[in-house]
Amino acid sequence: MNVLVCISQVPDTTTKITVSPDGKSMNPQGVKFILNPYDEFAIEEGLRIREKFGGTVTTLTVGGESAKEILRTALAMGSDTAAIIKDEERQDSYIVASSIADVARSISPDVILFGRQSIDFDSFAVPSMVAELLGWPNISMVSSLTIEDHSVTAERDIEGGKETIEATLPCVIAAQKGLNDPRYPKLPDIMKAKSKTISEHPKSSAVRRVNVLDMKLPDTKRLNKIFGESDQELDEVVRLLHEEAKII
Amino acid sequence: MNILVYLETSPNGLKRSSSEALTAARALAGGSHITGIMFNGTPAAFNAAGEYGLQRCLNINDKIIEQFSNGLAAIAISDAAHAIGAKIVILSATATGKDIAPRIAVRLQAGLLADCVELIPSGDSVEAVRPIYAGKALIRVKPETAVVVATLRPNVFTARKTERTTVAVEAFSFASDKDVRTSVVVSTSQNMGTIDVAEADVIVSGGRGLKGPENFHLIEELARSLGAAVGASRAVVDAGWRPHREQVGQTGKTVAPSMYVACGISGAVQHLAGMSTSKVIVAINKDKEAPIFKVADYGIVGDVFEVLPKLTSKISAVTGRH
Ligand SMILES: Cc1cc2nc3c(=O)[nH]c(=O)nc-3n(C[C@H](O)[C@H](O)[C@H](O)COP(=O)(O)OP(=O)(O)OC[C@H]3O[C@@H](n4cnc5c(N)ncnc54)[C@H](O)[C@@H]3O)c2cc1C
Ligand SMILES: Nc1ncnc2c1ncn2[C@@H]1O[C@H](COP(=O)(O)O)[C@@H](O)[C@H]1O
């Protein structure tokens, strides 16, 4: 069973975001970039599928030169090969998805694994777009996955519950937390991964469908009224929630 | 400017997020330009949609859709968009909406505006504002395509009823391609009797400050007095005190309720990522330096074990809920 895992490089969750002089993007200066946390579940699941069925795991990212770092992490975890599609911008999910779909057509994997969402663009878009471009089924927010012969059974999180979904291979899966516990790469494997080659694929020729006009930091003004725990003060809080915030 | 709105139903009618979507559509175009689409719509759902000004609704009662499939749903909605000449297709950014909107966008060669918190009319199209970097920044995005697909973050757009309209329901059939290799929902399990944090209008969340799972009844009682859902920080979910479905934050759910009450939660960035767009934030923490107070409208510096029982009885006295 051949698996393609798509991973994305994102700013560390604790990054303080500032706006670039262009007014449309994040200022990357001093920002630490990491492997998108959800994509770790995707890599781990890919490795487990290979361990069970044999085959290969290819890891792919669409990003700039520095994104090779997360491919090295995937290689150290056990991915067989790694590939990059050079695209510094990647603000448009459709172009990212088209580039990934091109690679998928050329290597014909049985399963393509994604993370549930990228924590930079938070679009929840790339996996379903890739599935539609390929004419494949997809299952998103997957917290449990079983593959047997040519069928897939997965549980996915929905509001207030879970859904059980059945699909056929080839299939697109987007991983949610809880699917597995990602392994930590071992030091010798980290060293070995450094010298592995990373192949390069061309960016899709698709044209942009969405443009960013501007980027702002949210107006986080809050009332910041602070109270103590005395009865009187709690009465005041309840009064304000009732009369000022009109919430209760 | 014709707008197609995908309406999700619930056992009691229409999902609230769909009423919000209808209200948002009305702000962009007059009622006669708005068409709804439902799968296996019920009279209760059509009626509810009428309260939000819907005049025309396509209904798909195809046998093939009885078992919900995201791939087929996308085909159906795309076909409907073609049929009515929709320039804008609106869905809610629910688990289902987020899953099918990207497919519809690909089918209609449309730009996807995902997880919008604001829609801005622009000529005969629309621009949108959406949060990125877990809400730490907002971008304004503009589609470069003739047709646009937008998903709206639940609980952000206010649902407003309007003069009640009668909904003309039309059966709609689509060119369901039986060969489409697809995934189908074989079963659904609901957590009975609880409101999901992602859908709740008010949320009371507990963190490590509660000291142990046995003390979460304090959170549940306050939640009951407010008619709220219970949420949790990752620290308490990882500790196994609460189920993952209640986790709010970067690796949990993103919520935007009318009020969020954080109890014994420090306010780590990953937690704030999931709740900072809540309309009113109340924080209870014994450490007056806790970062949660920076985002709070009303902060109570105190011990949750003292504050929660008192606050619950005072709120119950106002709301009448016990
Ligand atoms: C990649 C990544 C993703 C993450 N995703 C999430 C996420 O989705 N959601 C999330 O919540 N976290 C997430 N975290 C974890 C986050 O960084 C914090 O560790 C977590 O939010 C802390 O939970 P807490 O506030 O309950 O606990 P603590 O940080 O331990 O805070 C407990 C608070 O309770 C207060 N307190 C203690 N006793 C009392 C008392 N008697 N009365 C009143 N107050 C009291 C303390 O002053 C303190 O402020 C993530 C972390 C990483 C690295
Ligand atoms: N630039 C990228 N390169 C490779 N995979 C990506 C990229 N962006 C997003 N993905 C994948 O798509 C998932 C969902 O991302 P998004 O649609 O941006 O929320 C991520 O978890 C990744 O698995």
Exercise for the section: Can you confirm whether the range B:191-200 contains a residue that is farther than 30 Å from A:Leu133 by Cα and within 13 Å of ligand 1 (Cβ to nearest atom)? Expected result: yes
Completion exercise
The residue from A:Gly54, A:Gly64 that alone is open to solvent by less than 70 Å² (accessible area, probe 1.4 Å), within 23 Å of A:Pro202 (Cβ to Cβ) and away from chain B (no Cβ under 14 Å) is A:Gly64
Exercise for the section: Could you tell me whether the range B:122-131 includes any residue that is open to solvent by less than 20 Å² (accessible area, probe 1.4 Å) and assigned to a loop (DSSP other than H, G, I, E, B)? Expected result: no
Practice task
Find the strands (runs of 3 or more DSSP E) located wholly in the range B:239-309 whose residues include 2 or more that are more than 10 Å from chain A (Cβ to nearest Cβ) and either touching a Ser or Thr at 6+ places or on another chain (Cβ under 6 Å) or basic (Lys, Arg) (or both), and list them.
Solution key: B:259-263
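State which residue is nearest to A:Arg50 (Cα to Cα) when the search covers only the range A:121-130 and only residues that are facing chain B (nearest Cβ under 7 Å) and at pLDDT 95 or above.
Filtering the range A:121-130 for residues facing chain B (nearest Cβ under 7 Å) gives A:121-125, A:128-129.
Among the residues that remain, those that are also at pLDDT 95 or above are: A:125, A:128-129.
Numbers: A:Ala125: 26, A:Ser128: 23, A:Met129: 25 Å.
Looking at residues that are facing chain B (nearest Cβ under 7 Å) and at pLDDT 95 or above, I get A:Ser128.
Would it be correct to say that B:Ser176 is in contact (Cβ under 8 Å) with a residue 60 or more places away in the chain, more than 16 Å from ligand 2 (Cβ to nearest atom) and either in a strand (DSSP E or B) or polar (S, T, N, Q) (or both)?
Numbers: in contact (Cβ under 8 Å) with a residue 60 or more places away in the chain: yes; more than 16 Å from ligand 2 (Cβ to nearest atom): yes; either in a strand (DSSP E or B) or polar (S, T, N, Q) (or both): yes.
Judged against the criteria, B:Ser176 is a match.
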Exercise for the section: Determine if the range B:70-77 includes at least one residue that is in the same structural domain as B:Arg130 (by TED's automatic domain parsing) and farther than 30 Å from B:Thr254 by Cα. Expected result: no
Fill in the blank from the handout: Sole miss for B:Ala296 among (1) more than 9 Å from ligand 1 (Cβ to nearest atom); (2) in contact with a Leu (Cβ under 9 Å, 6 or more places away or on another chain); (3) open to solvent by less than 10 Å² (accessible area, probe 1.4 Å); (4) closer than 26 Å to A:Lys177 by Cβ is condition (4)
Problem - Any pair with Cβ under 7 angstrom, 6 or more apart, that starts in the range B:246-273 at a residue that is among the β-branched types (Val, Ile, Thr) and ends at one that is within 16 Å of ligand 2 (Cβ to nearest atom) and open to solvent by less than 10 Å² (accessible area, probe 1.4 Å) - result: B:Val248/B:Gly274; B:Thr254/B:Gly274; B:Val255/B:Gly274
Problem - All positions within the range B:59-107 that are open to solvent by 10 Å² or more (accessible area, probe 1.4 Å), more than 14 Å from chain A (Cβ to nearest Cβ) and closer than 23 Å to A:Gly160 by Cα - result: B:Glu66
Handout entry: Failed item, numbered, when B:Ala150 is tested on (1) under 16 Å from the mean Cα position of the chain (by Cα); (2) outside any strand (DSSP E or B)
Key = (2)
Exercise for the section: Go through the residues of the range B:228-244 one by one and say whether even a single one is open to solvent by 50 Å² or more (accessible area, probe 1.4 Å), in contact (Cβ under 8 Å) with a residue 60 or more places away in the chain and under 26 Å from A:Ser118 (Cα atoms). Expected result: no
Fill in the blank from the handout: Wholly inside the range A:8-127, helices (runs of 4 or more DSSP H) that include 2 or more residues that are within 16 Å of ligand 1 (Cβ to nearest atom) are A:37-53, A:68-77
Exercise for the section: Run A:Lys177 past the list (1) surrounded by fewer than 16 Cβ atoms within 10 Å (Cβ to Cβ); (2) within 8 Å of chain B (Cβ to nearest Cβ); (3) within 27 Å of B:Val295 (Cα to Cα); (4) of a type in the set (Lys, Arg) and report the number of the one that doesn't hold. Expected result: (1)
Completion exercise
A:Ser25 vs (1) near ligand 2 (Cβ under 10 Å from one of its atoms); (2) within 14 Å of chain B (Cβ to nearest Cβ): all pass except (1)
Completion exercise
Exactly one of B:Thr145, B:Thr194, B:Thr166, B:Thr158 is more than 25 Å from the chain's Cα centre (by Cα), within 14 Å of another protein chain (Cβ to nearest Cβ) and either away from ligand 2 (no atom under 16 Å from the Cβ) or part of a helix (DSSP H, G or I) (or both), and that one is B:Thr145
Fill in the blank from the handout: Filter the range A:91-120 for residues that are modelled with pLDDT under 95 and surrounded by fewer than 24 Cβ atoms within 10 Å (Cβ to Cβ); the one that is nearest to A:Pro202 (Cα to Cα) is A:Gln91
Exercise for the section: Report yes if A:Ala193 is open to solvent by less than 50 Å² (accessible area, probe 1.4 Å) and away from ligand 2 (no atom under 15 Å from the Cβ), otherwise no. Expected result: yes
Exercise for the section: Filter the range A:28-55 down to residues that are under 14 Å from A:Cys6 (Cα atoms) and more than 16 Å from the chain's Cα centre (by Cα), then give me how many there are. Expected result: 1
Practice task
State whether one or more residues within the range A:79-88 are within 11 Å of ligand 2 (Cβ to nearest atom), open to solvent by less than 30 Å² (accessible area, probe 1.4 Å) and at pLDDT below 95.
Solution key: yes
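The values are calculated or read from the model by the stated rules, or taken from the named source; none is laboratory data. Predicted model only: the values in this text are computed from it and were never measured. So basically every Cβ, Gly included, is an ideal-geometry build from the backbone, and we count neighbours across all protein chains shown. These area figures cover heavy atoms from the full protein model, side chains too; ligands, DNA and RNA do not enter into them. Shrake-Rupley method; radii C 1.70, N 1.55, O 1.52, S 1.80 Å.
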